[in-house]
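Contents: one structure, followed by commentary.
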Amino acid sequence: MWGGRFSSTPSALMEAINASIGFDRRLAAQDIQGSVAHSAMLARQGIITEDDRAAIHEGLQRVLGEIESGAFTFSTALEDIHMNVESRLREIVGDPAARLHTARSRNDQVAVDIRLWVRDAHDRTDEQLTALMRALLAKAEPHAATVMPGFTHLQSAQPVTFGHHLMAYVEMFARDRGRIRDSRRRLNECPLGAGALAGTSFPIDRHQTATALGFDGPTRNSLDSVSDRDSLLEFLAAASITAMHLSRLAEEIIFWMSAPFGFVRLPDRWTTGSSMMPQKRNPDAAELVRGKTGRVVGSLVALLTVMKGLPLTYSKDMQEDKEQLFDAADTIEIVLAAMTGMVQDLEPVPERMAAVAGAGFSTATDLADWLVRSLNIPFRDAHHVTGRIVSEAERRGCTLEELPLEAMQTVEPRIHQGIYDVLGVENSVRSRTSFGGTSPTNVAEQIAWWRERV
């Protein structure tokens, strides 16, 4: 491959550290796609003949067929997917294959291959996020009024509805989808034709190859074209935030399923048992979604570390980009699919949610708000009065709505029977009508708004 410059072959150790065919074979379809566009442009510009172009295209389709069928023999000695494809092409069509690399370097070749691959990864992630959002909407709609406890610090705070809780994740995953779409728009420029780093003296048409490959246009600086991996980093960053959101939802499913909560059930297909304890139903799918977040975030950190000290333009360090990208893309794909399935199969237990929603004096804020509205007490003073009433209910071992009126009046004499209109959890959630609040009417409106946009 190196021609006459070197007098001996690399050592076995050099070959082992240098070869990337073990993982970059996944770029085969993109590599051949780029070569078809490049050779078509060369022929149109008169740089190679039409006969050579026809032979190259026919040979490349045969190579692709061999790879897809599993009949292709990959060689570590040929280092990477580019040289493996080109070598086999030459075996098939002879001299025309040697003209394919005219006006092209492996630097711009791999840059376009990996950009084509990560563009497809963006599209797959977009589709999966959309499917997950639809699953959440479908689950939220019948539970727009299903009361559950809301938490801060994992302590009972105020009642909310299960539909409202699920809609919070619709908002999160919508932002994730927005990041993916924004990143895709930015990456859609074609680096092919930048050469090794300085462009080429051949009269190539980079706009033609960009159009043929579905890009908006060619990149504008040859140095940046071959040294840029921002499209990978942006995908990994967006995937990391998505994985973090998935992990948060997985964590909630895990504790919702636990005996102290008992808010939801998952069917057998998403759970496992114990080899020792026959009663166990473990939320392993959710735990694995949570655990795999570290792999995605780790891939982002690894590639950032690779890129942080590299001068322009290409350095062999950049070969380390692919394994991180492939692993993160595979991981985010499987965890998105698993979470979508779990959301679809999730069975809420409304009676258990409602029972816990009223615990911990969760309507105390409603009491304080009533004192402000009905008795014109300043909120800070109402907060203090409510705290004393909560203490009395706690001393008696009852809920706020069970506390006798006279007990409240010993703290604030002006309190009257109307207080009981706001103390139940159902009353509480119905009253939260501010924009974005948890009232069932609001939640239904949120669901309808998102259905039009998903």
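The values are calculated or read from the model by the stated rules, or taken from the named source; none is laboratory data. Note that the coordinates shown come from a computational prediction; the quantities given were computed from them, not determined experimentally. Cβ atoms come from the backbone with ideal geometry, glycine included; neighbour counts cover every protein chain shown. Only protein heavy atoms, including side chains, enter the accessible area calculation; ligands, DNA and RNA are left aside. Shrake-Rupley method; radii C 1.70, N 1.55, O 1.52, S 1.80 Å.
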Problem set entry | Residue list for the stretch 363-386, filter: open to solvent by 10 Å² or more (accessible area, probe 1.4 Å) and of a type in the set (Gly, Ala, Ser) | Ala364, Ser374
Exercise. What residue, of Ala212, Ala131, is within 30 Å of His38 (Cα to Cα), open to solvent by 40 Å² or more (accessible area, probe 1.4 Å) and at pLDDT 95 or above?
Worked result: Ala212
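One line per residue, one yes/no per condition, for (1) open to solvent by less than 40 Å² (accessible area, probe 1.4 Å); (2) among the acidic types (Asp, Glu):
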site: Gly262; (1), (2): yes, no
site: Glu287; (1), (2): no, yes
site: Lys292; (1), (2): no, no
site: Val296; (1), (2): yes, no
site: Gly309; (1), (2): no, no
site: Ser315; (1), (2): yes, no
site: Asp321; (1), (2): yes, yes
site: Gln324; (1), (2): no, no
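Every residue, every condition in (1) open to solvent by 10 Å² or more (accessible area, probe 1.4 Å); (2) part of a helix (DSSP H, G or I); (3) in contact with a helix residue (DSSP H, G or I) (Cβ under 6 Å, 6 or more places away or on another chain); (4) at pLDDT 95 or above, yes or no:
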{"position": "Ile114", "(1), (2), (3), (4)": "no, yes, no, yes"}
{"position": "Leu136", "(1), (2), (3), (4)": "no, yes, yes, yes"}
{"position": "Met148", "(1), (2), (3), (4)": "no, no, yes, yes"}
{"position": "Gly163", "(1), (2), (3), (4)": "no, yes, yes, yes"}
{"position": "Ala168", "(1), (2), (3), (4)": "yes, yes, no, yes"}
{"position": "Met172", "(1), (2), (3), (4)": "yes, yes, yes, yes"}
Exercise. Restricting attention to the stretch 379-410, which residues are β-branched (Val, Ile, Thr) and either within 49 Å of the chain's Cα centre (by Cα) or within 22 Å of Ala157 (Cβ to Cβ) (or both)?
Worked result: Val385, Thr386, Ile389, Val390, Thr399
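To keep it simple, each residue is scored yes or no on (1) touching a strand residue (DSSP E or B) at 6+ places or on another chain (Cβ under 7 Å); (2) in the same structural domain as Ala329 (by the TED database); (3) free of Cβ contacts under 8 Å to residues at least 60 places away in the same chain.
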site: Thr209; (1), (2), (3): yes, yes, no
site: Asn221; (1), (2), (3): no, yes, yes
site: Asp224; (1), (2), (3): no, yes, no
site: Asp230; (1), (2), (3): no, yes, yes
site: Ala243; (1), (2), (3): no, yes, no
site: Val264; (1), (2), (3): yes, yes, no
